[in-house]
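Every read-out reported here was derived from the displayed coordinates using simple, explicitly stated rules and does not represent laboratory data. Not measured: the values here are computed from a predicted model. Reconstructed Cβ throughout: ideal geometry from the backbone, glycine too, with neighbour counts over all protein chains shown.
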């Protein structure tokens, strides 16, 4: 069965800390990779796409290692507003459906 | 900023009843999806829809489920005879010109089956 695995956490970090999340996926045919963010009882919202060369968006850096089937997300200078569940997402074989991990919970404290 | 909208936000129904969940995707998007999330579990794909037909469906999307695009704006999910285990948050999503384009999610409909 094709799965996306994440450490569920929770990660409790102080404001200003750097935190890293990891994700592994089992489907080597996956072509698209994303990090979504989900606040409690809300919809998933795209945080960033993940590219093979790695990419950065402000305080957020994503890395992809296709050989190891591993995706990471680094958050620098954590803010209280970063508290949420971070979802690792890859596309399924067909390119239509997204396959979600269970998410990693982050709590940033003052 | 364009967004996906869903109605109702919360639907309570009795087991065995039919429910229709409604979505208005982003206006120029071509691909439409339904996902569900049972409380405490991961988001699961149900079905994708393109060019007025189902392009892919999961094993969850059995004969009790159907989708329709009755007009140029709405996209609906019908559950014919609800079961207790259908209780979940149902998210509609849409994406642009290619299936690998970013999918944007609506706020969800919380379905409670009693």
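Comparing Cα centroids, the range B:38-54 and the range B:58-97 end up 7 angstrom apart. When each of the peptides A:49-61, A:79-91 is scored by the mean number of other C-beta atoms lying within 10 Å of its residues, the order from highest to lowest reads A:79-91, A:49-61.
Peptide A:96-104 has a mean of 6 when you count, residue by residue, the C-beta atoms of other protein chains within 10 Å of its C-beta.
Averaged over peptide A:69-81, how many Cβ atoms belonging to another chain are found within 10 Å of each residue's Cβ? It would help to have the intermediate numbers written out before the result.
Working: counts 0, 0, 0, 0, 0, 0, 0, 0, 0, 0, 0, 0, 0.
For peptide A:69-81, the averaged partner shielding equals 0.
Can you sort B:29, B:10 from fewest to most other Cβ atoms within 10 Å of each residue's own Cβ? Kindly include the intermediate steps, with their values, before the conclusion.
Values: B:29 18, B:10 10.
In increasing order of surrounding Cβ atoms, one gets B:10, B:29.
Sorted ascending by nearby beta carbons within 10 Å, beginning with the fewest, B:42, B:78 become B:78, B:42. Roughly how many whole Å is it from the C-alpha centroid of the range A:1-60 to that of the range A:80-110? Using only Cα atoms, the two centres lie 5 Å from each other.
Peptide packing: for B:59-70, B:83-94, A:19-30, the average count of neighbouring Cβ atoms within 10 Å per residue gives the ranking B:83-94, A:19-30, B:59-70, highest mean first. Take every DSSP beta bridge whose two residues both sit in the protein assembly as shown; close to 90 percent of them are antiparallel.
Counts of other chain beta carbons within 10 angstrom of each beta carbon in peptide A:25-32 average 1.
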